[in-house]
Amino acid sequence: MTIRTYEPPISGSEKAQALYKDDSDDGGLGGFWLLSRALPAARICPRAASRSFRLANASQSRCYAIAAHDVSNPKLTTIDTSKLSITKTTTPKELIPNDELVFGKHFTDHMLSLEWTATDGWQPARITPYQNLSLDPATCVFHYAFECFEGMKAYKDEKGNVRLFRPDKNMARLNRSSARIALPNFDPKAMIDLVAKFVKLDERFIPA
């Protein structure tokens, strides 16, 4: 069996560029594709092939997808963290025992949201009580939905301080994934600042 990489077709004169700087970068939508071919001997001598199989001339390498271009207009990526508005909940939830916490099932009291427009970029961020989203039935997202997900871990150290694990890496991956599917980019430092304020507000939900 031989294993070779497959590079998807690209338009114009663009060339594939590496997404990952090293193997520690575990995010992004890029990846590599492997195509395999069975040894011709398997067709000629199926019994022999089933008894003894040897991987010959096997090689493997990564094929990276095209890196998205940087957004040229800073106005569309800038986030003004000074305009953050916070509305605290009046009905705080009861805390769930640590051994009963389930990812994607239990949520905090609040949520952080930002809106973006093609003309003005990112609007002032809001932290509001956790609630359902209200969408018009004709919203295009129901037909042509694009989305990106990025998970980040927050924990408390031995002194009770809240820690975020490598948030800069999360922001870089989310920006890269967003650009891949034509969603807007953002200022990583500003977004980390907003996330930190949100986590601080709901820190009682972080297991000690």
statement: Cross-link reach from LYS105 to lysines, straight Cα distance under 20 Å and at least 8 residues apart if same chain, gives LYS93, LYS153
field: Relative contact order (%) - the range 74-205, alpha-carbon pairs under 8 angstrom, separation at least six
entry: 31 percent
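In which sequence would SER134, SER178, SER82, SER113 go, from the one with the fewest C-beta neighbours within 10 Å to the one with the most?
Details: SER134 5, SER178 20, SER82 8, SER113 12.
Taking fewest neighbouring Cβ atoms as first place, the list is SER134, SER82, SER113, SER178.
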statement: Candidate cut points under trypsin sites (Lys or Arg not before Pro) in the range 138-195, DSSP loop plus at most 15 other Cβ atoms within 10 Å of their own Cβ, are LYS153, LYS159
task: Provide the net charge surrounding GLY160, with neighbours chosen by a C-beta distance below 13 Å and charges set as Lys +1, Arg +1, Asp -1, Glu -1.
output: +2
task: Set the Förster distance to 22 Å, then compute FRET efficiency between TRP116 and PHE165 from the Cβ-Cβ distance, nearest 0.05.
output: 0.25
statement: Cα gyration tensor of the range 59-208 diagonalised, 5x eigenvalues square-rooted, in angstrom largest first, produces semi-axes 28, 22, 18
- prompt: Taking the range 116-208, which GluC sites (Glu not before Pro) meet the DSSP loop condition and have no more than 16 other C-beta atoms within 10 Å?
  reply: GLU147, GLU150, GLU158
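Throughout, read-outs are computed from the coordinates displayed, never taken from laboratory work. For clarity, every value in this text was computed on a predicted model and none was experimentally measured. Ideal geometry is used to build each Cβ from the backbone, glycine not excepted, and the neighbour counts take in all protein chains shown.
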